[in-house]
1. Carbon and sulfur: what percent of region 141-300's accessible surface (1.4 Å probe)?
2. Considering only protein heavy atoms, what per residue accessible area in square angstrom results for region 500-625 with a 1.4 angstrom probe?
3. Considering the values [x] 130, 92, 46; [y] 72, 68, 55; [z] 78, 63, 43, which represents Cα extents along the principal axes in Å as calculated for the structure under consideration?
4. Quick one: with all protein chains in place, what share of the accessible area of region 585-624 is carbon or sulfur, to the nearest percent (1.4 Å probe)?
5. Run the quick spin-label model on residue 52 and residue 489: label points 7 Å from Cα toward the beta carbon, then report their separation in nm to one decimal.
6. Percent antiparallel among DSSP beta bridges with both residues in the chain, to the nearest 5?
7. What is the percent carbon and sulfur in the accessible area of region 1-87, measuring with a 1.4 Å probe over the protein chains and ignoring ligands?
8. Please state the charge dipole magnitude for the chain, taken about the Cα centre, from unit charges on C-beta atoms (+1 on K and R, -1 on D and E), reported in debye and rounded to the nearest 20.
Amino acid sequence: MTTVYPAYITEIGKFLPGDPINNEQMETYLGKVNQQASKVRKRILKNNGIQQRYYAIDTQQNSCYSNSQMAAYAVRDVLNYSAIDPKVIDLLTCGTTWPDLLVPGFASMVHGELPELSALEIATTQGVCCSGIAALNYAVSQLQLGNRRTAIAVASEFPSRLFKHSKFAVESTIQAGKTLPFDVEFLRWMLSDGAGAFLLQPQPSSTGLSLRVEWIELISHANAYPTCMYTGVKEHGQVKSWLDYPSYLEAAQDGAMDLRQNVRLLDNVVKLGVEGWLRLIEAGRVDPQEIDWLICHYSSHFFRGKIVELLEQANCMIPEAKWFTNLYTKGNTGCASVYLMLEELFHSDKLQPGQKIFCFVPESGRFTTAYLMLTVVEGAQRSLPNLNPPVRATSPLSSSKPPRENTPQAYLIQQLTLVWLGFERQLRSVPMVRKLHQGQFTLEDYKELLRNLRPQVVEGARWIARAASYMTDFQLRSLFIGHAQDEHRDFHMLERNYVAVGGELEEIVNAEKNLGSEALSAFIFHQASQPNPIDLIGSIFIIEGLGNQLAGQWAQQIQETLDLQAEQVSFLAYHGVNDESHLNKINDLINAEWLTIELAQRIVKTAKITARLYRLQLEEIEVIQ
């Protein structure tokens, strides 16, 4: 059996360039594009809540440091705190978003700034916000395997030089007198500079506190989501890279070198991050009640509220008194943010031995999330153990009030939230939905979607009415009958949409069910024919949740992509607004006193099956190439 050694963060250092810069000084440092003050700066700053930040450029837009130098200063800061001999360090891992050079790697350049170190192993991790955790993860792994004894992980960011007004001067749109696109200007007022460094050893420090690394989790969702924060292409989804232009100048003139953020996709960053969080809770790796400190890298104060909302819906909220951030005083420093937050907390005298620190880092680049669990330990020289302790293995419920903990209601809300977040994420991989999000949806795709949805819509009222007939509880029977009455004419609206976009009524009326529709129908009618089919609350939750959460978005995207009128997408738009009332009734059932854990488990299972079969129904839709 392979011996797994522990890894401890025994010291933390930082480097913040220059003096803090307040909101009114920002344009003095970054400059005014076309000599005009930004029209959106104050609005963006109001939403992100940042009051001050640090820049490694001066008011003439000259760089005062390189990114590699800032990382090296952070390393020296951690060495100054520690009595360790720099020559014993045998691993240096470095994370960043944008290094100084394309070649060689960032870690080589940082090592080159540190002649006090010996020849050693290096590793570069490049990405966006999670690249700092990736650097830490590699260092921790090497210590746990016993391959290295003393490591430094460093994360550094220098985005301010990307936003200097002179960077945009050559762009053809700017020369034509236009303003910066919002997806570029948004980041101009969001990001700032700084670096942090961790010293890692296989035993805690002999004095003071250390942080034992319990586990690190990094998950990419790039298989299902497009790029959200990017540079090197002018537009998301464009194949032509900056390297494919005839010259670098032409790439710059076309805006291909700008760092961009697709703000329409940002809500998914929070949803995916919270979904992963809930899965860790379900696996027993995170217990919200045991967390003493939450280090959450949210890029803007606006997203803090989104995270709180989802956690409260899932009944997994960590009290905000336990949250620690320095976003408002240090700014959003990308992959260095979690390092700088831990550095400030580590040296704050707030930590106590035995406390648990949970770190959460969502990355918008192409949707990666990182999680880190730490335990505060007292300084005590100890021999190297032989074995590391084993590692334990926005939703439709937005209006649901969190029930008491450790109840069937709390279990059901948490599990349904988890099912929904997974369902919504997996839908993005469905070819039809993926094509819609990529802006490649055609009129034939829309007609194909309506044809394949109609059978399920027609049968909705039928299976709900059948389920009502098998209910022995009068109140539940009345609720299901009322729901069936609300649904039984919806398919007429869908048919009108189909005809309005050029389809023949006979085509859609006679369209056969696809394989997924057959499977979904067979399952739900089977369940509806069982005595007291209360578990169909799970089916209603998924189907009505899709209407409430996604149908309205799809209607807007289809209308904009195909230049349609509102009456041509009225079926989807209607459900985006009106399904909320149905979900409110579901919320009442979820919080009913008669709910038992056995019933809750049945509801969750039925929700999972319905979600999978609904996705199969959409997967079976033929995508027009």
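The values are calculated or read from the model by the stated rules, or taken from the named source; none is laboratory data. Predicted model only: the values in this text are computed from it and were never measured. Every residue, glycine among them, receives a Cβ derived from its backbone with ideal geometry; neighbour counts consider all protein chains shown. In case anyone asks, the SASA skips ligands and DNA or RNA and just uses the protein heavy atoms, side chains included. Shrake-Rupley method; radii C 1.70, N 1.55, O 1.52, S 1.80 Å.
1. On region 141-300, the fraction of accessible area on carbon and sulfur atoms equals 49 percent.
2. Per residue, region 500-625 has 45 Å² of solvent-accessible surface.
3. Entry [z].
4. Roughly 52 percent of what the probe reaches on region 585-624 is carbon or sulfur.
5. Calculated label separation equals 6.4 nm.
6. If we restrict to bridges inside the chain, about 70 percent are antiparallel.
7. Of the solvent-accessible surface of region 1-87, carbon and sulfur hold 42 percent.
8. So the magnitude is around 680 debye.
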